[in-house]
Amino acid sequence: MAKKANKTAAGTNAQQVRQQNQQAAQGQGQFGTEFASETDAQEVRRQNQQSAQGQGQFGTEFASETDAQEVRRQNQQSQANKK
């Protein structure tokens, strides 16, 4: 079977793929920069900083409610009960 111009053996239109790649590289593709532009980098930095300081939306609430020593004791007791 003769190969058609600009088509691979699988039938892919090579010219169309090149055009899509070029558009994507320029941010003009089907999705463009829509998702990236919705991200406010400054706001993300602020939230990361708050989180690192334990002042985020959830703070240290969950971690502070956990008594590590008590958890170890319960785990030890549970293992002893399995024997």
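The values are calculated or read from the model by the stated rules, or taken from the named source; none is laboratory data. Just so we're clear, the structure is a prediction, and the values are computed from it rather than from any experiment. Every residue, glycine as well, gets a Cβ built from its backbone with ideal geometry; the counts of neighbours run over all protein chains shown.
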Those residues of the range 54-73 which are loosely packed, with under 10 Cβ neighbours inside 10 Å and at pLDDT 75 or above, in sequence order: A68, Q69, E70
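Do you know which residues across the range 8-53 are aliphatic (A, V, I, L, M) and either touching a Leu at 6+ places or on another chain (Cβ under 6 Å) or at pLDDT below 65 (or both)?
Going residue by residue through the range 8-53, those that are aliphatic (A, V, I, L, M) are 9-10, 14, 17, 24-25, 36, 41, 44, 52.
Of everything in the range 8-53, just one residue is aliphatic (A, V, I, L, M) and either touching a Leu at 6+ places or on another chain (Cβ under 6 Å) or at pLDDT below 65 (or both), namely A36.
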